Amino acid sequence: MANTYNWSPAAGLSATNVAQPTASPSSTTIHIVTGSNGCTASDVVLVNVNTPPTANADNDKTLNNLTTSVQIGTPALSGYTIHGALLQDWFNYDCSTDGIPNATTTYTVTVTGTNGCTASDAVVITIDKAPPVEMLVRIRI
């Protein structure tokens, strides 16, 4: 076991002078450690950062009696698997569904990237069932 340690680069490490620092880099990084106890030795450690995918269910929407359909979500990206409420309605896994729910509903989409990381996003569709406006027209002859 070494008496001294020197890790580089220092970015993303909890300390550079300990045997086992905690690594939290923002991107995949190669760290080099040099240890000494009278003799010097070096080794290399690869810290691979798996970036999560982006899930986008869209902005929340309020719909009224005149709305006949709504599209939510954005097209899927290659390499992602989509999971979510009413998956059977998500045509061709393109993160969109057409139709109007009968009550306020939250739709959640969860995507899994090729690296196994996941991300989720939700959209709330609020139904405004205000009664239709009736117009009264008076005609004078």
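The values are calculated or read from the model by the stated rules, or taken from the named source; none is laboratory data. Remember, it's a predicted structure, so these values are computed and weren't measured experimentally. Positions of Cβ are backbone-derived with ideal geometry, glycine not excepted, and every protein chain shown enters the neighbour counts.
Listed values, structure above:
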read-out: Residue that is in a loop (DSSP other than H, G, I, E, B), in contact with a Phe, Trp or Tyr (Cβ under 9 Å, 6 or more places away or on another chain), aliphatic (A, V, I, L, M) and modelled with pLDDT under 80, where the choices are I72, I82, I100, I141; value: I72
read-out: Some residue of the range 113-129 being more than 15 Å from P53 (Cβ to Cβ), modelled with pLDDT under 80, loosely packed, with under 13 Cβ neighbours inside 10 Å and more than 16 Å from the chain's Cα centre (by Cα); value: yes
read-out: Extreme residue, farthest from N37 (Cα to Cα), among residues of the range 4-24 that are in a loop (DSSP other than H, G, I, E, B) and of a type in the set (S, T, N, Q); value: S24
read-out: Qualifying residue in the range 51-65 (condition: under 27 Å from the mean Cα position of the chain (by Cα) and without any contact (Cβ under 8 Å) to a residue 24 or more places away in the chain); value: no
read-out: Which numbered condition L66 misses (of (1) modelled with pLDDT under 80; (2) not in a loop (DSSP other than H, G, I, E, B)); value: (2)
